[in-house]
Every structure is written in C-alpha cells, then in structure tokens.
1. Restricting attention to region 74-85, and to residues there that are closer than 25 Å to Ala110 by Cα and touching a helix residue (DSSP H, G or I) at 6+ places or on another chain (Cβ under 8 Å), which single residue is surrounded by the most Cβ atoms within 10 Å (Cβ to Cβ)?
2. Just give me the residues in region 52-63 being in a loop (DSSP other than H, G, I, E, B) and farther than 18 Å from Asp11 by Cβ, in sequence order.
3. Out of contact with any strand residue (DSSP E or B) (no Cβ under 7 Å at 6 or more places or on another chain) and under 25 Å from Leu122 (Cα atoms): which single residue out of Ala147, Ala259 fits that description?
4. Is there any pair linking a residue in region 227-255 that is under 22 Å from Gly35 (Cβ atoms) to one that is of a type in the set (Asp, Glu), with Cβ under 7 Å and at least six apart or on different chains, and which?
5. If I ask for residues that are under 15 Å from the mean Cα position of the chain (by Cα) and either part of a strand (DSSP E or B) or small (Gly, Ala, Ser) (or both), which ones from region 109-127 would you list?
6. Within 15 Å of the chain's Cα centre (by Cα) and either crowded, with 19+ Cβ neighbours inside 10 Å or under 25 Å from Leu241 (Cα atoms) (or both): is that true of Gly63 in this structure?
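The values are calculated or read from the model by the stated rules, or taken from the named source; none is laboratory data. Nothing here was measured: the structure is a model prediction, and the numbers come from that model. A quick note on method: Cβ atoms are made from the backbone with ideal geometry, for glycine too, and the neighbour counts reach across all protein chains shown.
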Amino acid sequence: MKRLQLVELEDLPWFPAILRDGGTAFLAFGAKAAGHGKLFAPILEKAIAATGATRIVDLCSGGGGPARLVADALAEGGHRVKVLLTDLYPNPKAYAFAGEGSEGRVSGRAEPVDATAVPADLAGFRTIFNAFHHFPPDLARRILADAVAKRQPIAVFEAVSREPLMLLALLFSPLSVTLTMPLWRPFRWPWVLFTWIFPLMQPFVLWDGVVSWLRIYSVEELRELVATIDAPDWEWEIGTLKHDGPPVHATYLIGKPKAATG
C-alpha cells in the first residue's frame, strides 16, 4: 500500500486551538504509556554521541511529550543534553509543563518555527517525533535538505507504521479519548465540554489518527526521499524499531555528516 497525502484537521490554520491542544495532549499521554522514550532513546543516543551534539532542537513538538520522554531516557543513561521544543503553532503552556522537573534540560521557544527553514540561531541535533508524516514529499525533502544545508544532524521517528495491527488499535481511539481525558496534562477544563458533553474530541482524534496512518512514510519511501537530496558527504540510516509487546514497529531516519577520515 502506498502512502496517501490526505488532510489532518490539526494541520488546518482555522482549526480550534483547544481541540488541537487536546489532541497533542492525548498523544503525549499515549507516548508516555507506550514507552516511546525508551524506544527511541538508544538509537538517538548513539547518533548524538557520534556528532558530539549538546543540544536537541525538537521540531513540530506539539505538546512536547515525546521529546521530554526521550530527554528523560537519555538522562537516565548519563547523556544530559538540552532540549528546545519548537513548533509552527507553539504551545507555551505545554512547553512549560514539559519542562517541569527537568532541571532546566527542557525548554520551549514561543516564536513559530518552520521546520523547512529553521532559523540559523537554532543550532543542534534536530529531531521530529511522530510528526514527519504531516509533510508531503516536497516539504519533507525540504526539511531534510535544510538540515543538510545548515550542517545540522537530524533524526525522524514515527511510533506508528502502516501495519494492519496499528490501524486496528487506532480504531479504538475514541474509547481511549473518552476514558483518559482527565489524565491529559496540562489539563484544560474545556476538554470536559468537548469530550463528555459535546463529543468533538473523539471524531477529531479518530480522523487524524487514521489519516496519520495513511500518511506514514515507509522505510522504502524514506530511502526514496534521501536519494533525491544532494548530500554526498552525509550518511543516512533508515530502519524500524520493534515495540515491546505486540508485533508492531516504529520507523526512523537519521542523517548526519560523515565522520572525517584520514
């Protein structure tokens, strides 16, 4: 099955921020429950060590959940890097919550950041967690090409892949939204209204979840993307990571300058 470029509601500029923020809070809750930090951290730690980076610039951070989880997992392994959360639609309240208890390791940028043209002052190892699928091939290529042009290593992770079992799990998301909403953080009272009184959150999360599944780049499609980027002195690593428990996989892409030889 080939990737389909459909439209997620949260990508639309007019979509209500209260619902968008609820969706990202639900995803952050799910990422923590599923252990995404410990899933992504080992391979990212290896890449960070190879580049000598001391700061992660997280793009398309949403609520900042996955990046904070990875930061904690890296710290547990003795790799205490700084993490800066950024997004085209910044969520300062979520960034502040993500930074609580991090001893200053996690912070956010209040100004919008375009992942296809990251400001020069944001130097660091770029990451994108569970958001690369939002971009059609031309924009996805521009994200990677911008990292190459500015000599900044980049890692892209997607916890969901286009596997049938993943789609089946997504179909149960309305029930998960209904039951877990009180546990989302930082909590916002309007979510009660839009989840339990006027249930708009459930169809929104279901729609965006299924569309996300259809938009995920496969390993082969990621390889096709990097093959079109003029970067002879860069190396790319693309593969899958198995989740604990069910036989489903995450996908990842890591790009960094080749180590100097001789």
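1. Residue satisfying both the conditions and the ranking: Leu85.
2. Result: Gly52, Ala53, Thr54.
3. Only one candidate passes the filter, namely Ala259.
4. The qualifying pairs are Val248/Glu163; His249/Glu163; Ala250/Glu158; Thr251/Glu158; Ile254/Glu237.
5. Ala115, Phe125, Arg126, Thr127, listed by residue number.
6. Judged against the criteria, Gly63 is a match.
Residues are listed down the side, and each one gets a yes or a no for (1) over 17 Å from Met201 (Cβ atoms); (2) in contact (Cβ under 8 Å) with a residue 40 or more places away in the chain; (3) within 17 Å of the chain's Cα centre (by Cα):
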residue	(1), (2), (3)
Trp14	yes, no, no
Arg20	no, yes, yes
Phe29	no, yes, yes
Ala33	yes, no, yes
His36	yes, yes, yes
Leu39	yes, yes, yes
Lys46	yes, no, no
Arg55	yes, yes, yes
Asp58	yes, yes, yes
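Residue by residue, here is whether (1) crowded, with 21+ Cβ neighbours inside 10 Å; (2) among the aromatic types (Phe, Trp, Tyr); (3) part of a helix (DSSP H, G or I) holds:
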position: Phe29; (1), (2), (3): no, yes, yes
position: Ala33; (1), (2), (3): no, no, yes
position: Gly37; (1), (2), (3): yes, no, yes
position: Phe40; (1), (2), (3): yes, yes, yes
position: Lys46; (1), (2), (3): no, no, yes
position: Ala50; (1), (2), (3): no, no, yes
position: Ala67; (1), (2), (3): yes, no, yes
position: Ala71; (1), (2), (3): yes, no, yes
